[in-house]
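Participant: This structure is in structure tokens; I'll ask about it shortly.
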């Protein structure tokens, strides 16, 4: 039986807000050419332990040694409208980047298709830094997400397993991203999170940005382009609820269409739209 993950809004209680002071990412866009991307540059204080630079040929499916597809159109507990497929129409490599594309087309009794990828059974870790350089889509009804679940989900279920949302964006909020945790007693609309807002009319769909979390024992930090904007510890949890994030976690990337939080596409929504990922990297802290 496929589990359903509820991914609703960020709670108002404990909500932290960070507004950036500049309008563009400090990281340049990489050229779209036929040369392989170089390895990740050194990050002081961290050791690279896993990465996907998406260097496969154009049109290839995501690396099956690193990612698997979740497939289905059951709404995923959120009222989503898409059917997630394993087709390269919905997830493929282009210009050494991963493209997850939401399309308006009928499939499996749904009117939209997209993709949802995970590293479950292939990659998991407990502490460290995970980051991805991402350009989000635009438009009402789109809901891109880069997030994590604990590997014990099939034993304890959700939300007891814990969920860490590294980055979520709502198409109706082009200049804002959300970071959130969900656990027993603080899940769904009661999740604990913060948001990062670009100034003025800047939008996350204008350029790539690096979204990251740094996980330590009893502490999680959220960063955009290396700017810390939110921290959570057990002290932030509702009284009597457990901290469930000191255990192995795996990664997910998906682009949802519609649902209770983002709302559904309307007359202004343009298809297709793409979630484009330049790289995903995982680091451990360097031992002194």
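Participant: Is there a residue being in contact with a strand residue (DSSP E or B) (Cβ under 7 Å, 6 or more places away or on another chain), at pLDDT 95 or above and part of a strand (DSSP E or B) anywhere in the stretch 73-81?
Facilitator: Checked the stretch 73-81: no residue is in contact with a strand residue (DSSP E or B) (Cβ under 7 Å, 6 or more places away or on another chain), at pLDDT 95 or above and part of a strand (DSSP E or B).
Participant: Here's something else I'd like to know. Just give me the residues in the stretch 254-269 being surrounded by fewer than 16 Cβ atoms within 10 Å (Cβ to Cβ) and either without any contact (Cβ under 8 Å) to a residue 12 or more places away in the chain or under 16 Å from the mean Cα position of the chain (by Cα) (or both), in sequence order.
Facilitator: Listed by number, the list holds a single entry, 267.
Participant: Can you find a residue in the stretch 240-253 that is at positive phi, modelled with pLDDT of 95 or more and surrounded by 16 or more Cβ atoms within 10 Å (Cβ to Cβ)?
Facilitator: Restricting attention to the stretch 240-253, the residues satisfying the condition of being at positive phi are 240.
With the extra rule that they be modelled with pLDDT of 95 or more, the set shrinks to 240.
In the following step, the residues that additionally are surrounded by 16 or more Cβ atoms within 10 Å (Cβ to Cβ) were identified as none.
Scanning the stretch 240-253, I find no residue that is at positive phi, modelled with pLDDT of 95 or more and surrounded by 16 or more Cβ atoms within 10 Å (Cβ to Cβ), so the answer is no.
Participant: Restricting to the stretch 222-239, count the residues that are in a loop (DSSP other than H, G, I, E, B), in contact (Cβ under 8 Å) with a residue 24 or more places away in the chain and on the phi < 0 side of the Ramachandran plot.
Facilitator: Of the residues in the stretch 222-239, 2 are in a loop (DSSP other than H, G, I, E, B), in contact (Cβ under 8 Å) with a residue 24 or more places away in the chain and on the phi < 0 side of the Ramachandran plot.
Participant: Only residues in the stretch 187-201 that are closer than 18 Å to residue 222 by Cβ count as the first member; pair them with residues that are part of a helix (DSSP H, G or I), Cβ under 9 angstrom, at least 6 apart or cross-chain, and list the lot.
Facilitator: 192/236; 198/204; 198/206
Participant: How many residues are farther than 22 Å from residue 282 by Cβ, buried (at least 20 other Cβ atoms within 10 Å of the Cβ) and touching a helix residue (DSSP H, G or I) at 6+ places or on another chain (Cβ under 7 Å) if we restrict to the stretch 126-171?
Facilitator: The total comes to 1.
Each row is one residue, and each column tells you yes or no for (1) under 23 Å from residue 102 (Cβ atoms); (2) in contact with a strand residue (DSSP E or B) (Cβ under 8 Å, 6 or more places away or on another chain).
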site	(1), (2)
128	no, yes
173	yes, no
180	yes, yes
184	no, no
194	no, yes
207	yes, yes
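Participant: Moving on. Determine, yes or no, whether residue 51 is surrounded by fewer than 16 Cβ atoms within 10 Å (Cβ to Cβ), touching a strand residue (DSSP E or B) at 6+ places or on another chain (Cβ under 8 Å), within 23 Å of residue 125 (Cβ to Cβ) and at pLDDT 95 or above.
Facilitator: Details: surrounded by fewer than 16 Cβ atoms within 10 Å (Cβ to Cβ): yes; touching a strand residue (DSSP E or B) at 6+ places or on another chain (Cβ under 8 Å): yes; within 23 Å of residue 125 (Cβ to Cβ): yes; at pLDDT 95 or above: yes.
Yes, satisfied.
Participant: Got a number for residues in the stretch 75-96 being touching a residue at least 60 places away in the same chain (Cβ under 8 Å), under 17 Å from residue 62 (Cβ atoms) and buried (at least 23 other Cβ atoms within 10 Å of the Cβ)?
Facilitator: Residues meeting the conditions: 1.
Participant: Now, a different point. Which condition breaks for residue 174 when tested against (1) touching a helix residue (DSSP H, G or I) at 6+ places or on another chain (Cβ under 9 Å); (2) within 27 Å of residue 285 (Cβ to Cβ); (3) not in a strand (DSSP E or B)?
Facilitator: (2)
The values are calculated or read from the model by the stated rules, or taken from the named source; none is laboratory data. Quick caveat, the model's predicted, so the values are computed rather than measured. No Cβ is skipped: glycine too gets one built from the backbone with ideal geometry, and neighbour counts run over all protein chains shown.
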